[in-house]
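Data first, discussion second: the structure below is written as structure tokens.
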Amino acid sequence: MDMRVETVTLGSRKYGAVNWLGLETLIQREVQRFLKVGAQTVFAPLIQTLLFMLVFSLVQDGPWPGTTRAYADGLAAGLVMMSILSNAFQNSSSSIVIAKVQGNAVDFLMPPLSALELTIAFIVGAAARGMLVGLASLIAVSWLANIMPAHPLVALYYALVASIIFGAIGLLGGIWADKFDHLAAVTNFVIVPLTFLSGTFYSTAILPDPIRSLSHYNPVFSLIDGFRYGFIGHADAPLLLGAALTGGLALALSWGCWAMLKSGYRLRS
């Protein structure tokens, strides 16, 4: 009997410039990951937002400085932006740290996904959570403030840019952190101070110099100031400058995420 063994040459699967299937799958994974625990990731932040809204509305009255709009209107915009920032950061950072702690980072490192595709997927997933929680927070405070935006496109731009920036910061923090204690340090010593000292609860116009001028160098201030302008039509700093700075920061941080993923820093051993 003539038995012939055929040799089969295995080749790598061919993709185009972008692995669309892999990219879509990873984005779906990131979105479904936080939707499965929606009570914790989406609805729990609403309680914090409502508590801040109730407390500060009780202790502060009158118009927002420099406008005829109620203080609650400006406060609502700041609180919604704070929800967007914190949740975008938490989504990407926790995703990476959990994968590292549980040892399943291989799930997204082994598939044929480039560093750019990984960067896009993680940041899009983080932005999705930030935008969803921001929308839910906006609806939640609607009975306490006028949430009708004066400039909807401006508000949307700053919400998207903020989600991208803090999704990227979360990704960078998650790659750097080896455990949740490291991630908590980033949150407590970087994210929280930047957020609370950026005009979330107040207008920086009431601050004396040089504190007022120094606060404008805080990138979170530009995000909150621009987002608040979208709702009440008033900004404490030049709007176009803030838009350019935050847009540039989003690109720079995204590039940093791509560079770290491409190098395999703290992911491949």
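The values are calculated or read from the model by the stated rules, or taken from the named source; none is laboratory data. Since the structure is predicted, the reported quantities are computational estimates derived from the model, not experimental observations. When we count neighbours, we look across all protein chains shown, and the Cβ atoms used for this are built from the backbone with ideal geometry, even at glycine. The area values use the complete protein model at the heavy-atom level, side chains included, leaving out ligands, DNA and RNA. Shrake-Rupley method; radii C 1.70, N 1.55, O 1.52, S 1.80 Å.
Looking at (1) open to solvent by 80 Å² or more (accessible area, probe 1.4 Å); (2) touching a residue at least 24 places away in the same chain (Cβ under 8 Å); (3) within 30 Å of ASP107 (Cβ to Cβ), which is the only condition CYS257 fails? Only one criterion is unmet by CYS257, namely (1).
Condition check for ALA252 on (1) of a type in the set (A, V, I, L, M, F, W, C); (2) at pLDDT 90 or above; (3) crowded, with 17+ Cβ neighbours inside 10 Å: one failure, at (3). Considering region 13-55, the residues that are β-branched (Val, Ile, Thr) and surrounded by 13 or more Cβ atoms within 10 Å (Cβ to Cβ) include one that is farthest from the chain's Cα centre (by Cα), namely VAL18.
Cβ separations smaller than 8 Å between residues 6+ apart or across chains give the following pairs from region 97-111 residues that are open to solvent by 60 Å² or more (accessible area, probe 1.4 Å) to residues that are in a helix (DSSP H, G or I): VAL101/PHE180; ASP107/ALA99.
Taking helices (runs of 4 or more DSSP H) as the structural unit, those lying wholly within region 177-241 and holding at least 1 residues that are among the aliphatic types (A, V, I, L, M), in contact with a Lys or Arg (Cβ under 7 Å, 6 or more places away or on another chain) and buried (at least 20 other Cβ atoms within 10 Å of the Cβ) correspond to 219-232. Taken over region 30-55, the criterion of being β-branched (Val, Ile, Thr) and in a helix (DSSP H, G or I) is satisfied by VAL31, THR41, VAL42, ILE47, THR49, VAL55. The set of residues from region 56-95 being touching a helix residue (DSSP H, G or I) at 6+ places or on another chain (Cβ under 6 Å), open to solvent by 30 Å² or more (accessible area, probe 1.4 Å) and in a helix (DSSP H, G or I) comprises PHE56, SER57.
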